[in-house]
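A.B. asks: Take a look at the following structure, please.
What follows is calculated from the coordinates using simple rules that are stated; it is not laboratory data. Since we're looking at a predicted model, the values are computed, not measured. Cβ: placed from backbone, ideal geometry, glycine included. Neighbour counts: every protein chain shown.
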Amino acid sequence: MIAHRSNIPQKPSRVVVLGAGGFIAGAIARRLGEDAIPLLRLGRPGLDLTAAGAAARLSAELRADDALVFASARAPCRDLAMLRENLVMAEAVCGALAARSVAHVVYISSDAVYRDSREPITEASCAEPSSLHGAMHLAREIALRQAFAGPLALVRPTLVYGFDDPHGGYGPNRFRRLAASGQDIVLFGEGEERRDHVDVEDIAELVRLILLHRSAGIANAVSGDVVSFRELAEFTAAEFAPKVAIRSAPRSGPMPHGGYRPFDNRALLAAFPGFRFRSWREGLARINARQRALAKGAS
């Protein structure tokens, strides 16, 4: 659960964003910039958290009144080499915090830390990951808890979509690019699995609110709505002309999470009464419109 250290919103003196060149961190930095919050963006090549001496270089940049947003990761974590690299990053951040503490830390984690469940997952649900990606994030969460005694917020997003996503992973980001280029959308199986998806701009706004309130605890960045991948594909295909076909392809393995992963976000919405997550229809319509405008401008 999330709890506020400051009930009255107050801008931090400065926010240091680690991994500022990344998809989620970049969205956070842009949103904070729109609110005129002082920022220090750190990322490769200026600060490589896997390099020798990274902890000392980071600690030299930190001030006692900073808020630190830790969003650097090699993700998704697929193998032991990537797991090791991600833990080296966490070791550097924890070492820097041990040398020079800050006023507030926000860590961008993942919903992959939770055990699979047919019941809606909440912030109080069991953290028992079944993947290396989830294990990586949970290990980093534990390391931060041990290294930092101040207010620590753990933000756990579910599947994230947004216009600037660099990966094009299966789901809204890939479907949009395929439809915009006139290519068929290919589903795994019939696309019947149902998942929650969250707009990256909603994550950025949530982090802004957490920083303003110096909030601590766990915050699941989830819309609270599950939708099948087929519904996402059909909605996206209808947003572009000419409308592309939707095809099925055989699965190479079982559906992740048993094909169903619901969330209950009522506690988070109660903590931030003026905040809401976009529905997947709102979010996809927004980024699809931007994709169409880009294509129109290029023609």
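A.B. asks: Hey, what number do you get for the chain at 222 nm if only DSSP H runs of n ≥ 4 count, each worth -39500 (n - 2.57), divided across all residues, to the nearest 500?
C.D. replies: Computed mean residue ellipticity for the chain: -12000 deg cm²/dmol.
A.B. asks: Here's something else I'd like to know. When a/c reaches 1.5 or more, the comparison of a/b and b/c decides; with that in mind, is segment 168-299 rounded, prolate or oblate per its Cα gyration tensor?
C.D. replies: Cα axes put segment 168-299 in the oblate bin.
A.B. asks: With the dipole of segment 97-169 worked out from charges on the C-beta (+1 for Lys and Arg, -1 for Asp and Glu) around the Cα centre, which of 98, 108, 132 lies farthest toward the positive end?
C.D. replies: Among 98, 108, 132, the one farthest towards the positive end of the dipole of segment 97-169 is 98.
A.B. asks: Here's another thing I want to ask about it. If we sort 272-281, 249-258, 198-207 on the protection proxy, mean other Cβ atoms within 10 Å, highest first, what's the order?
C.D. replies: Ranked by mean Cβ neighbours within 10 Å, highest first: 198-207, 272-281, 249-258.
A.B. asks: Expected output is a single nm value to one decimal: the length gained when fully extending between residue 116 and residue 40, i.e. 0.36 nm times separation in residues minus the C-alpha distance. What is it?
C.D. replies: Difference between extended and current length: 23.7 nm.
A.B. asks: Suppose each label sits 7 Å from its Cα in the direction of the beta carbon; what would the residue 60-residue 8 distance come out to in nanometres?
C.D. replies: 3.9 nm
A.B. asks: Additional query: So how strong a dipole does the chain carry about its Cα centre when Lys and Arg Cβ are +1 and Asp and Glu Cβ are -1, to the nearest 20 debye?
C.D. replies: Result for the chain is approximately 520 debye, rounded to the nearest 20.
A.B. asks: Placing unit charges on C-beta atoms (Lys and Arg positive, Asp and Glu negative, everything else neutral), compute the dipole magnitude of segment 1-100 about its Cα centre in debye, rounded to 20.
C.D. replies: 100 debye
A.B. asks: Something else about it: Test of understanding: in a Gaussian network model of the chain with alpha carbons linked when under 10 Å, which of 193, 239, 119 would top the mean-square fluctuation ranking?
C.D. replies: Evaluated over the chain, the most mobile residue of the options is 119.
A.B. asks: Considering only DSSP beta bridges where both residues belong to the chain, give the percentage that are antiparallel (nearest 5).
C.D. replies: That works out to approximately 15 percent antiparallel.
A.B. asks: Which one of 238, 269, 52 is farthest out on the positive end of the charge dipole of the chain, using unit charges on Cβ (Lys, Arg +1; Asp, Glu -1) and the Cα centre as origin?
C.D. replies: Sorting the options by dipole projection puts first 52.
A.B. asks: Determine the dipole magnitude for segment 68-130: charges of +1 sit on the beta-carbon of Lys and Arg, -1 on that of Asp and Glu, nothing else is charged, the reference point is the Cα centre, and the result goes in debye to the nearest 20.
C.D. replies: In debye, rounded to 20, segment 68-130 gives about 220.
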